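These notes concern the structure reproduced below.
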Amino acid sequence: MAITSKIIADSVAPVSAPNLWLRALEVPFAYRRYFTWFQVIVAYVFIERALWSSRLVFRNTWGVIAVITVFVFAVVDRPSLRRMGLSLPTSFGSGLVLAVSLAAALFLVFAVRWAGGQIPANPTWPNLHATWEYLAWALIQEFMLQSFFFTRCEELFGSSAAVWIAATLFAAAHVPSPILTTFTLVGGLFFCEMFRRYRSIYAIGIVHAVLGLTVAVTMPDSVLHSMRVGIGYLRY
């Protein structure tokens, strides 16, 4: 009798509050596609508001809202760490990503020098503080691009199409800077394809930072505008 009671008690053990909260937010399968579209549209609209609001305080506020929204949507979906690219990377995948990015960075440096450009193009920028900030921001951007936008585009359109769609969204967020829009389209295609194949954002985040800083030290601020995008680029 005691054993039976224990089995019954275990089978009806209470579910923790966080799990109950997440289950309550689950979307029925029939509406899953609509909810995925809703997430993509809302998050991207918030990002655009952060880029194009007229006042700096509004841009900063919308930027925080956009990051929080992406995080909340990601948590509500309860995806696996593997799907989000947060599991440990494979050595081969990481090595390939880092090798290609290093080759690209060196090629850009030598191409600028061959064309007669000055390196660093901006002696006072970026400084050490800005470099560390950009490294953190690069990782956040890759979480938003890969763990959120790519995974949802993959769900909606398939894996191969998601590479192009997510990269295009990434590049469009860098308009109207011609340098960054071009580089982020090419880089976004590479980042998304590497994520599709090896499913880890860590090496990609580091590569993003390295290539972004390479652009910063090889391109003059007269065209780069301190790597600003949106209305900040126009008002530089």
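Sort out which residues of the stretch 66-78 are surrounded by 15 or more Cβ atoms within 10 Å (Cβ to Cβ) and touching a helix residue (DSSP H, G or I) at 6+ places or on another chain (Cβ under 7 Å), and write them in order of number. Give the steps one after another, and end with the answer.
Restricting attention to the stretch 66-78, the residues satisfying the condition of being surrounded by 15 or more Cβ atoms within 10 Å (Cβ to Cβ) are 66-67, 69-71, 73-74, 76-77.
Matches in the stretch 66-78: Ala66, Val67, Thr69, Val70, Phe73, Ala74, Val76.
I'd like the residue in the stretch 90-109 that is of a type in the set (Ser, Thr, Tyr) and within 20 Å of the chain's Cα centre (by Cα) and, out of all such residues, is surrounded by the most Cβ atoms within 10 Å (Cβ to Cβ).
The residue in question is Ser101.
Read-outs throughout are calculated quantities, based only on the coordinates presented, and are distinct from any laboratory measurement. Not measured: the values here are computed from a predicted model. Reconstructed Cβ throughout: ideal geometry from the backbone, glycine too, with neighbour counts over all protein chains shown.
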